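Visitor: Got a structure here, written out as structure tokens. Questions coming.
The values are calculated or read from the model by the stated rules, or taken from the named source; none is laboratory data. As the structure is a computational prediction, the values presented were derived from the model and not from experiment. Quick reminder, even Gly has a Cβ in these numbers, built from the backbone with ideal geometry, and neighbours come from all protein chains shown. Surface accessibility is based on the protein's heavy atoms, side chains included, excluding ligands, DNA and RNA. Shrake-Rupley method; radii C 1.70, N 1.55, O 1.52, S 1.80 Å.
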Amino acid sequence: MDWLTDNKIPIGKWASAVFTFLKNNFSGFFDSVAAGAEGLIGGLLWLLQAPHPFVIIGIFLALTWYLQRKWTTCLLVLVGFLFILNQGYWEETTESLTLVISACIVCMAIGVPVGIALAHRPKLYQATQPVLDLMQTLPTFVYLIPAIVFFGIGMVPGLIATVIFVLPAPIRMTYLGIVATPPALLEAVVAFGGTPTQKLWKVELPYSLPQIMAGLNQTIMLSLSMVVVAALVGADGLGVPVVRALNQVNTALGFESGFIIVVVAIILDRMLRIKQR
């Protein structure tokens, strides 16, 4: 078998060459992306940390009531936030929420239009499926390497790695929602002289809204799962105490901070859970 390993395909060298080329020739573009990401993160972090915690909790409760109309869900959200305050993890929680919200904004802004475009072009979707599979199956730690190369350390590389990992979810859910639109509805729009734009806004998007919202829910959950990974490249948030507990073999700190992540996940899931049609 030596003859096979001696003629190894240099995938690693090719990837390194691509990253070096991009860094040397597109540094201005990456600097612009980093500046935009820093502005988004800084603005959201200020919105979550500047007001009193009870103001933020009140906003989340109002949003929960608007979306769910259930006092039990509102009570669950309230108890969850009070537990976070009781444990002293409010600052770390707002930092993690900043990363999650930033990732959701970027992923939904890209994923929904791309999903719509792919739904109207089946051959293009078939061509992009391997890319989407690669983005979701490649170990998340691998994304940290180019993120560090292009953006250094901090919240920005954590956000970029999160977006790359999470982006296939809203793309696929939007695609599934659009293609599931009943042909009879589409034929009716065409029969009454509807334009492609009207067909999209009046039929396809309203019908696929539950799937799109399910994609948003998946985006939030997957982004939250990247909190600990992002902490390895200097991103602040709940991942920092988890990594510290791992380095110190501190069971109490690890369970405490890990449980807070679970509480945040439950809060966000219950807030945005919608009934499927």
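Visitor: Does any residue of the range 235-246 turn out to be among the acidic types (Asp, Glu), out of contact with any Asp or Glu (no Cβ under 6 Å at 6 or more places or on another chain) and surrounded by 13 or more Cβ atoms within 10 Å (Cβ to Cβ)? Don't jump to the end; show me each part of the working.
Guide: As a first pass, look at the range 235-246 and keep what is among the acidic types (Asp, Glu): 236.
From what is left, the residues that are out of contact with any Asp or Glu (no Cβ under 6 Å at 6 or more places or on another chain) are none.
Among the residues of the range 235-246, not one is among the acidic types (Asp, Glu), out of contact with any Asp or Glu (no Cβ under 6 Å at 6 or more places or on another chain) and surrounded by 13 or more Cβ atoms within 10 Å (Cβ to Cβ), which makes the answer no.
Visitor: Does any residue in the range 98-111 that is open to solvent by 10 Å² or more (accessible area, probe 1.4 Å) come within less than 7 Å, Cβ to Cβ, of a residue that is in a helix (DSSP H, G or I) and of a type in the set (S, T, N, Q) six or more places away or on a different chain, and which pairs are these?
Guide: Sorted first by the residue in the range 98-111, then by its partner, the pairs are Cys104/Thr219; Cys104/Ser223; Met108/Thr219.
Visitor: Of all the residues that make up the range 165-188, how many are buried (at least 18 other Cβ atoms within 10 Å of the Cβ) and either closer than 17 Å to Glu38 by Cβ or modelled with pLDDT under 90 (or both)? Spell out the reasoning first.
Guide: Step one: of the range 165-188, the residues buried (at least 18 other Cβ atoms within 10 Å of the Cβ) are 165-175, 177-178, 181.
This time we only want the ones that are either closer than 17 Å to Glu38 by Cβ or modelled with pLDDT under 90 (or both), so: 165, 181.
Adding up the residues that qualify gives 2.
Visitor: For the range 87-97, give me the residue count where each residue is open to solvent by 40 Å² or more (accessible area, probe 1.4 Å), over 17 Å from Ala50 (Cβ atoms) and not polar (S, T, N, Q). Even if it seems obvious, please write down each step before you answer.
Guide: Initially, the range 87-97 is screened for residues open to solvent by 40 Å² or more (accessible area, probe 1.4 Å), giving 87-88, 91-92.
Narrowing further to those that are over 17 Å from Ala50 (Cβ atoms): 87-88.
Now drop any that are not not polar (S, T, N, Q), which leaves 88.
Number of matching residues: 1.
Visitor: Name the single residue that is nearest to Ile59 (Cα to Cα) among those in the range 97-153 being more than 17 Å from the chain's Cα centre (by Cα) and outside any helix (DSSP H, G or I).
Guide: Filtering the range 97-153 for residues that are more than 17 Å from the chain's Cα centre (by Cα) and outside any helix (DSSP H, G or I), the one nearest to Ile59 (Cα to Cα) comes out as Ile153.
Visitor: Restrict the check to the range 46-64 and report whether at least one residue is open to solvent by 60 Å² or more (accessible area, probe 1.4 Å), on the phi > 0 side of the Ramachandran plot and either modelled with pLDDT of 90 or more or outside any helix (DSSP H, G or I) (or both).
Guide: no
Visitor: Also, quick follow-up: From the residues in the range 65-86 that are of a type outside the set (A, V, I, L, M, F, W, C) and loosely packed, with under 14 Cβ neighbours inside 10 Å, which one is nearest to Val264 (Cα to Cα)?
Guide: Of all residues in the range 65-86, those of a type outside the set (A, V, I, L, M, F, W, C) come to 66, 68-70, 72-73, 80, 86.
In the following step, the residues that additionally are loosely packed, with under 14 Cβ neighbours inside 10 Å were identified as 66, 69-70, 72, 86.
Details: Tyr66: 19, Arg69: 20, Lys70: 19, Thr72: 17, Asn86: 14 Å.
Per the stated criteria, the residue is Asn86.
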